[in-house]
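As structure tokens, the structure follows; a few thoughts come after it.
The values are calculated or read from the model by the stated rules, or taken from the named source; none is laboratory data. These figures come from a predicted structure and were not determined experimentally. Here the Cβ positions follow ideal geometry from the backbone for every residue, glycine too, while neighbour counts run over all protein chains shown.
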């Protein structure tokens, strides 16, 4: 088998990075594309490449696992109400149910924008464009993730003020969070929390620092997109016009998104 470590030995060509092109085709996220390339699953013009540092153009033939790369569709985004008890991954080695197992039929291949852990519920963004997923995951995009949290314990306003200013825990810098106490319910308290980065288990770790044990976590919004009254397990497509307005031309161009206008009105879809 002929291989190349494109990026070290092969000159770059005009076009876009291979991993970005794969993600744009909706096969996977850009991170997964880089891993697939390193695993030798991708060929360009009949040659196996082992590094994502290669640009490909319209005339290049890209194959993944022996199959031609599909033509990319227009960039699309869906809101999904993730239930508790499912993992945000395409396949789970432990055999647990995944978000993608419960989606309605008829949807294209989708990737998630970030992840929610198995016990977190609420708004999860899904897209057919890995470039959009990567863009929205970046803290530099500036979109706030908002959560409703039920936690057990007593309120320590001093510690909450520290979270509002930003703290360092176990060597990790956490940016300023918005935290407000909504109501008390027996030994529990309901809070609203807003974050700009959404690191793994960030809400639980921050509240743990404040002496609170999280026992329910619901994401209610991601940037301008709201969970609202979307039923559990339902998906609702965001209008292309709305997506373009929220992203702006600059961000859309940087991510190489295809935000053409369409006449079809998206609607909520429940699991069948």
In the set 193, 260, 181, which member is exposed (fewer than 13 other Cβ atoms within 10 Å of the Cβ), at pLDDT 95 or above and over 20 Å from residue 103 (Cβ atoms)? 181
Tell me, which residue of region 98-108 that is out of contact with any strand residue (DSSP E or B) (no Cβ under 8 Å at 6 or more places or on another chain) and surrounded by 14 or more Cβ atoms within 10 Å (Cβ to Cβ) is modelled with the lowest pLDDT? 102
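Name the single residue that is modelled with the lowest pLDDT among those in region 71-97 being closer than 21 Å to residue 39 by Cβ and surrounded by 13 or more Cβ atoms within 10 Å (Cβ to Cβ).
If we filter region 71-97 for residues that are closer than 21 Å to residue 39 by Cβ, which is where we start, we get 89-93.
Pick out the ones that are also surrounded by 13 or more Cβ atoms within 10 Å (Cβ to Cβ) and you get 89-90, 92.
On the way: 89: 85, 90: 80, 92: 83.
Taking the candidates together, the pick is 90.
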In region 120-152, what residues are assigned to a strand (DSSP E or B) and either within 16 Å of residue 238 (Cα to Cα) or within 13 Å of the chain's Cα centre (by Cα) (or both)? 123, 124, 125, 126, 127, 145
Restrict the check to region 215-238 and report whether at least one residue is free of Cβ contacts under 8 Å to residues at least 24 places away in the same chain, assigned by TED's automatic domain parsing to the domain that holds residue 88 and either surrounded by 15 or more Cβ atoms within 10 Å (Cβ to Cβ) or in a strand (DSSP E or B) (or both). no
Go through region 48-69 and give me each residue that's on the phi < 0 side of the Ramachandran plot and loosely packed, with under 14 Cβ neighbours inside 10 Å. 57, 58, 59, 61, 67, 68
May I ask you to list the residues in region 153-172 that are in a helix (DSSP H, G or I) and either within 30 Å of residue 254 (Cβ to Cβ) or under 16 Å from the mean Cα position of the chain (by Cα) (or both)? none
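Surrounded by 15 or more Cβ atoms within 10 Å (Cβ to Cβ), outside any strand (DSSP E or B) and in contact with a helix residue (DSSP H, G or I) (Cβ under 9 Å, 6 or more places away or on another chain), is that true of residue 206?
yes
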Residue hits (region 42-61; under 24 Å from the mean Cα position of the chain (by Cα) and either at pLDDT 95 or above or farther than 21 Å from residue 128 by Cα (or both)) are 42, 51, 53
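Is it the case, given these coordinates, that residue 244 is modelled with pLDDT under 90 and buried (at least 16 other Cβ atoms within 10 Å of the Cβ)? Please lay out each step first, then the result.
On the way: modelled with pLDDT under 90: yes; buried (at least 16 other Cβ atoms within 10 Å of the Cβ): yes.
The answer is yes for residue 244.
Which fully enclosed strands (runs of 3 or more DSSP E) of region 15-119 have 2 or more residues being closer than 30 Å to residue 200 by Cβ and in contact with a helix residue (DSSP H, G or I) (Cβ under 8 Å, 6 or more places away or on another chain)?
Result: 77-82.
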All conditions in (1) modelled with pLDDT under 95; (2) in a strand (DSSP E or B); (3) under 19 Å from residue 116 (Cβ atoms) are true of residue 200 except (2)
